[in-house]
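Have a look at the structure below, then the notes.
Please treat every number below as a calculation from the coordinates, not as lab data. Just so it is clear, the structure is predicted and the values come from calculations on it, not from any experiment. Reconstructed Cβ throughout: ideal geometry from the backbone, glycine too, with neighbour counts over all protein chains shown.
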Amino acid sequence: MVPSVASPVRMGTATGRWVVAAATLGSGMTLLDGTVVNVALRTIGADLEASLAQLQWINNGYLLTLASVILLGGSLGDRFGRRRLFVIGVAWFALASLLCGLAPNAEILVVARLLQGVGGGLLTPGSLAMIQGAFVREERAPAIGAWTGFGGIAAAIGPFLGGLLIGAGSWRLIFWVNLPIALLTLWLAQRHVPESRSSHPSGRFDVAGAVLAALALGGVTYALVQGGGGALVAGAVGVLSGILFVAVERRGREPMLPLDLFADRTFAAANAMTLLMYAALGAVLFFLVLQLQTVTGWSPLAAGMATLPLTICMLLLSRRTGRLAGTIGPRIPMTVGPLAMGCALLLLLSVDADTVYWTGVLPGITLFGLGLSCTVAPLTATVLAAAPDRLAGTASGVNNAVARTGTLLAVAALPPAVGLSGQDYADPSALAAAYPLAVAACAALLGLGGLLSWLLVPHRIPQ
């Protein structure tokens, strides 16, 4: 029997556990596919004879459509039903994952990744908004902590799982593993998750805003990745589309991104922090697993297993830090966490051909995981608490779009900025020279994020 709109639930109830499970499995797939590909890039490049630019698009194409559609997905979920959009997104994502695994060349894989991002953009805001809409207010922080903790595990376990699946047979398995997860998620959502929507529904949706957002992100990303004469045109189109997007959203009757959300200082600061943190996180995972394979000479499985402390930290600590932030407020964890992550990257600067895991990788990656666990749940809860309940899906969509945009722009911009191009991802000398510069840039982003949180995030979020 399909549940209907229900009274708010609590964490200890069966319904509460099912809602968190379905939401986490769905969003976990999108987070997993944002990182699992990193460890497979070298293998995919060799198998499909892809250039560095094509590998960037295999990574960034997914993030591009995900970030572009996620705002529209959050708005549509608020209006037409958050569970409904979540279910559509999960099914779409599964079919696109099947196509990714069947891709015969790099071009088809890029197209399939673009389609996969569309499905992710529909399901991701719904996953968090389902929690916000289902739970009583005082239970939302721990529920969000559980969601972010298990979702963070999916992101952190990506490199490890990618290495395991590549070692087991083929890089194509990293996409096909989504199929059984999607089927389980659909069953849970349809059977156990109550429907919720905005208390002020509307049948309108913002097509112009969605198109302009996609053009803005796509143009800027193309300019950063491809270079050459076409990059100037693409960059100009991207910037102009971004300006027009802001104008359309400001004047539109039913914008998918209500700009007055950013009039709240807490909401604006938390999203700025999100942009910086996820830019650093995405770029670090991109460069670290390549460095460990190309320069240090480790197998994909060994490079993936090197990130396992991230998973352990998120598993053990995220729910606890969610509760702690509810007690002491978000400012301290959102300041200490990014600063700890920045210090961790300074420890990882020295990864090279002679690195030993126990002394050269483990201390830095563990400290990074501790900082990440300290930050993610308070950050997500702060974003949602700063927005009206009727815009839970939209606020979730904004925050997820900002996170994916940060990763997208960092992975697009940093390789050329540190001198990588062509087949350099397979050249130990070229990558060894570029890696410290990229990691130092990520440490600077995290330091800036910690400072921003201390200055702009309040001690307490009004309930």
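Some observations on this one:
- Summed over the range 94-113, residues that are within 15 Å of A53 (Cα to Cα) and in a helix (DSSP H, G or I) total 7.
- Verdict on P428 being farther than 23 Å from R265 by Cα, over 16 Å from the mean Cα position of the chain (by Cα) and surrounded by fewer than 22 Cβ atoms within 10 Å (Cβ to Cβ): yes
- Identity of the residue in the range 318-342, aliphatic (A, V, I, L, M) and more than 19 Å from G449 (Cα to Cα), that ends up surrounded by the fewest Cβ atoms within 10 Å (Cβ to Cβ): I328
- Comparison of A91, A23, A50 shows that the only residue that is closer than 21 Å to P300 by Cβ, in contact (Cβ under 8 Å) with a residue 24 or more places away in the chain and either of a type in the set (A, V, I, L, M, F, W, C) or part of a helix (DSSP H, G or I) (or both) is A50.
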